[in-house]
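To start, the structure under review is shown below, and the notes come after it.
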Amino acid sequence: MAKAPLRVFPSPDAIGEELAQRILERIERARALGRRFLLGCPTGRTPKPVYRAMARRLAETKQDISHIVLVMMDEYLVEVDHRLENAPNDKLWSCHHFVREEIVGPLDESLSRSNRVRDESIWFPDPLEPEAYDNKIENAGGIDFFILASGASDGHVAFNPPGSSRDSQTRIIQLSDETRRDNLQTFPVFGTLAEVPTHGISVGIGTIASAREAVMTVWGAGKRLTLSRMQSADEYDPDWPATVIHECAVGEIWSDTEAARPLDAR
């Protein structure tokens with residue numbers, strides 16, 4: 001497996017525009033071939049420029065995206081009657097809320113009803129049957145393209161913490177303090193670290209690596225460490241899960257100039 005190459009862009013918006021164009025071209029190609037397109041999607045701050053750029057392009061082109069499947073990476077879990085369930089949809093920090101407000105809503109806004117993302121094509125793993133998610137993905141033909149993002153402090157991808165096996169699949173994970181702190185920055189509405197859920201359900205490293213194509217996006221000074229760690233590896237390192245990008249059949253790392261500066265740059 002070849003080491004994932006690095007591309008550096010002038011800004012997060014430049015990353016978003018270029019990646020949006022690539023993804024929408026892939027989506028249209030799948031439509032022309034009469035098949036679905038499975039797009040792996042993260043939530044959080046990092047992919048927002050990509051989703052915004054996709055929405056802007058769709059507003060201009062009115063492209064048909066009714067055949068895409070959004071394969072969501074993870075969701076927070078809360079305890080209800082002594083068992084873990086997906087966070088309620090109305091919680092501003094839930095991934096279900098994010099996909100509705102930050103992805104599907106903007107993508108669909110300017111499209112005719114027949115060209116929009118179908119409700120049944122927004123997939124989340126089920127905490128009652130985590131292992132069923134990978135089977136569902138495989139039975140649908142696999143993930144065509146995965147948008148990826150990395151945690152700043154420990155290199156987590158989705159909720160996969162350091163130490164995650166290369167072959168790990170969708171599962172319930174106890175969230176590390178580092179992951180929870182990163183997510184507190186992503187969703188300040190939590191207020192305090194104590195309010196951030198302690199568990200989540202997440203696709204595994206093996207799930208991500210199975211994608212036909214993937215781009216790891218990093219931007220901002222806070223992502224210099226994770227970019228440095230990814231660049232210093234040439235295969236998956238369990239100590240830094242973001243290195244999974246080197247395991248993807250076609251994988252690239254896209255950074256802005258701030259993240260690409262040396263670690264000690266001011």
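The values are calculated or read from the model by the stated rules, or taken from the named source; none is laboratory data. Values in this document were obtained by computation on a predicted structure and should not be read as measured data. A quick note on method: Cβ atoms are made from the backbone with ideal geometry, for glycine too, and the neighbour counts reach across all protein chains shown. Quick note on the areas: whole protein, heavy atoms, side chains included, nothing else; ligands and nucleic acids left out. Shrake-Rupley method; radii C 1.70, N 1.55, O 1.52, S 1.80 Å.
Sort 116-124, 97-105, 81-89 for me by packing, meaning the mean count of neighbouring Cβ atoms within 10 Å per residue, highest on top.
Details: 116-124: 15.4, 97-105: 18.1, 81-89: 12.6.
Listed from highest to lowest mean packing, they are 97-105, 116-124, 81-89.
What whole-number value in Å² describes the accessible area per residue of the chain for a 1.4 Å probe? Walk me through the numbers on the way to the answer.
Details: 11770 Å² over 266 residues.
The answer is 44 Å² per residue.
What are the ³J(HN,Hα) couplings of segment 225-230, residue after residue, when phi is run through the Karplus curve with 6.51, -1.76, 1.60 and θ = phi - 60°? Round to Hz, x for glycine and proline.
5, 5, 5, 4, 5, 5
Assign unit charges at the C-beta atoms only (+1 for Lys and Arg, -1 for Asp and Glu), then state the dipole size of the chain relative to its Cα centre in Debye, rounded to the nearest 20.
For this selection, approximately 820 debye.
Ignoring ligands, DNA and RNA, what percent of the accessible area of the chain is carbon or sulfur (1.4 Å)?
Values: 5500 of 11770 Å².
In the chain, the share of accessible area belonging to carbon and sulfur is 47 percent.
Between segment 31-95 and segment 203-221, what is the C-alpha centre distance in whole Å?
Answer, in whole Å: 15.
Under 5 Å between amide hydrogens, which residues at least 5 positions from residue 146 or on another chain qualify, with H placed 1.01 Å from N in the peptide plane?
Under 5 Å from the amide H of residue 146 lie the amide H atoms of 40, 213, 214, 215, each far enough along the sequence or on another chain.
Can you find, among 115, 187, 164, the residue farthest towards the positive end of the dipole of the chain? Put +1 on the C-beta of Lys and Arg, -1 on that of Asp and Glu.
It is 115, whose Cα lies furthest towards the positive end.
If the reach is capped at under 23 angstrom between alpha carbons, list the lysines near residue 48, excluding any in the same chain fewer than eight residues apart.
Filter leaves 62, 91, 223.
Calculate one ³J(HN,Hα) per residue across segment 168-175 by plugging θ = phi - 60° into the Karplus curve 6.51 cos²θ - 1.76 cosθ + 1.60, and present them in order as whole Hz with x for glycine and proline.
Once θ is set to phi - 60°, the couplings for segment 168-175 become 4, 10, 4, 6, 7, 10, 7, 6 Hz.
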